[in-house]
1. Could you go through region 270-283 and let me know if any residue there is at pLDDT below 85, under 28 Å from the mean Cα position of the chain (by Cα), under 28 Å from residue 350 (Cα atoms) and open to solvent by 30 Å² or more (accessible area, probe 1.4 Å).
2. Starting from region 117-131, take each residue that is within 13 Å of residue 65 (Cα to Cα) and list its partners that are among the charged types (D, E, K, R), counting only C-beta distances under 8 angstrom and pairs at least six apart or across chains.
3. Could you give every pair whose Cβ atoms fall below 8 Å, whose first residue belongs to region 239-264 and is on the phi > 0 side of the Ramachandran plot and open to solvent by less than 30 Å² (accessible area, probe 1.4 Å), and whose second residue is assigned to a strand (DSSP E or B) and basic (Lys, Arg), counting only separations of at least 6 or pairs across chains?
4. Name the residues in region 200-229 that are open to solvent by 30 Å² or more (accessible area, probe 1.4 Å) and part of a loop (DSSP other than H, G, I, E, B), would you?
5. Those residues that are over 12 Å from the mean Cα position of the chain (by Cα) and surrounded by fewer than 21 Cβ atoms within 10 Å (Cβ to Cβ), I need them from region 180-199; list them, please.
6. Being closer than 26 Å to residue 141 by Cβ, at pLDDT 90 or above and part of a helix (DSSP H, G or I) is the filter here; which residues of region 173-199 pass it?
7. Quick check: is even one residue across region 350-365 out of contact with any Gly (no Cβ under 9 Å at 6 or more places or on another chain), assigned to a loop (DSSP other than H, G, I, E, B), within 30 Å of residue 268 (Cβ to Cβ) and charged (D, E, K, R)?
Amino acid sequence: PWSDQHQLLQVGIKGYQPAPEQRPPANLVFLVDVSGSMQSPDKLGLVKKSLRLLVNRMSDEDRIALAVYAGNAGTVLESTPGNQKAKILSAIDALEAGGSTHGSAGIKLAYQLAQQNLVEGGINRVIIASDGDMNVGTVNLEALKDLIERKRETGIALTTLGFGAGNYNYALMEQLADVGNGNAAYIDTLKEAQKVLVNEMQSTLLTIASDVKIQVEFNPAVVAEYRLIGYENRMLNREDFTNDKVDAGDIGAGHTVTALYEVTLVGSGGERVPELRYGNPKQATAREASELAYVKLRYKQPGSSTSTEVAQAVLASSLVRSIDRSSSDLRFAASVAGFGQLLQGGKYTGQWDYQDALQLARSARGDDPHGYRGEFLHLIELAQSLSSGS
């Protein structure tokens, strides 16, 4: 949408989603940061409300424990059956903030509680709720990651829920979740908590595929240049794609992943990189010229050490020459990707601006049962109002 001389390729995957009644029993340990930095309604106050939402969705077969960390770590509630909701909610409501943050001690304790109540074949997960301000104890990121990496081998995953603004350390929380075979979410409102812990509970808790890797090979006879938009912290070396010992992200039940590539076709005149002296591609056969790209996906069944690989060719004939003729999902994704680039300075978006992003998103809003797309429209409007160029 921001250049007539470039195309967008959308790669999307979606995890299988079993019916809610098919979810295996869960052994959850809530690890709550109760340090002084959490003493705010949008931090510990919102943590309590958010965890209440999840507790109310737990079944009789599930178990929940509650641990805290500040100057020291401690167990507030031993592992308790999910049908004792009053007891669990009372423990959550009693939490108070104060002290400095000893995150590593809390993580060790939470994994101990999860290990003691491990459910074979079930969901075993530690859920950290924090602003990420771990300033006492093991603050070395690599040491924390090593600890969590060792624990994931026992079958216990890690989810991080971030709260609050100002000193929020998203980089730390995301990296801990990545290493812990889990996911990271940032919760700034009760509506977002509803999204992550209720509407998308299956995706948040139930892992259906591990070490998921996507590799896209572009045909040099058709594609002169390509650029992956976003995912800067998810890149793998080419040789790591087939190496099953290299860790990658996991996919939860019903979880969707979308990647967008900006593509420059051969002869389009939109090339940004000067031609190399020895870079001329060989003459392609008729079959090779018919393919734009080759998409490969590798993943492991949970608990397996061997990957399954599937692949799909993207035909050049599938190109649509106008963004207006593409699917609503692609148009909306393009608006989101363009908006993200504008927030970072718009290096590749030319004269395309917030108003263009807004119009594209509005044209592709489609079915929006939970209002997420409408919320995105509001974000664009806010950014436009705050922009010095508005």
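The values are calculated or read from the model by the stated rules, or taken from the named source; none is laboratory data. Note that the structure is a prediction, hence the values are computed from the model and not measured. Here Cβ is always computed from backbone atoms with ideal geometry, including for glycine, and neighbour counts include all displayed protein chains. When the accessible area is computed, the model is the full protein with side chains, heavy atoms only, and any ligands, DNA or RNA have been set aside. Shrake-Rupley method; radii C 1.70, N 1.55, O 1.52, S 1.80 Å.
1. No, region 270-283 contains no residue that is at pLDDT below 85, under 28 Å from the mean Cα position of the chain (by Cα), under 28 Å from residue 350 (Cα atoms) and open to solvent by 30 Å² or more (accessible area, probe 1.4 Å).
2. 117/63; 128/33
3. 254/14
4. 200, 220, 221, listed by residue number.
5. Selection gives 188, 189, 190, 191, 192, 194, 195, 198, 199.
6. 192, 196
7. Within region 350-365 (the criterion being out of contact with any Gly (no Cβ under 9 Å at 6 or more places or on another chain), assigned to a loop (DSSP other than H, G, I, E, B), within 30 Å of residue 268 (Cβ to Cβ) and charged (D, E, K, R)), the answer is no, since none of the residues qualifies.
Okay, residues lined up against (1) outside any strand (DSSP E or B); (2) in contact with a helix residue (DSSP H, G or I) (Cβ under 8 Å, 6 or more places away or on another chain); (3) closer than 19 Å to residue 185 by Cβ:
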{"position": "1", "(1), (2), (3)": "yes, yes, no"}
{"position": "10", "(1), (2), (3)": "no, yes, no"}
{"position": "27", "(1), (2), (3)": "no, yes, no"}
{"position": "51", "(1), (2), (3)": "yes, yes, yes"}
{"position": "58", "(1), (2), (3)": "yes, yes, yes"}
{"position": "75", "(1), (2), (3)": "no, yes, no"}
{"position": "111", "(1), (2), (3)": "yes, yes, no"}
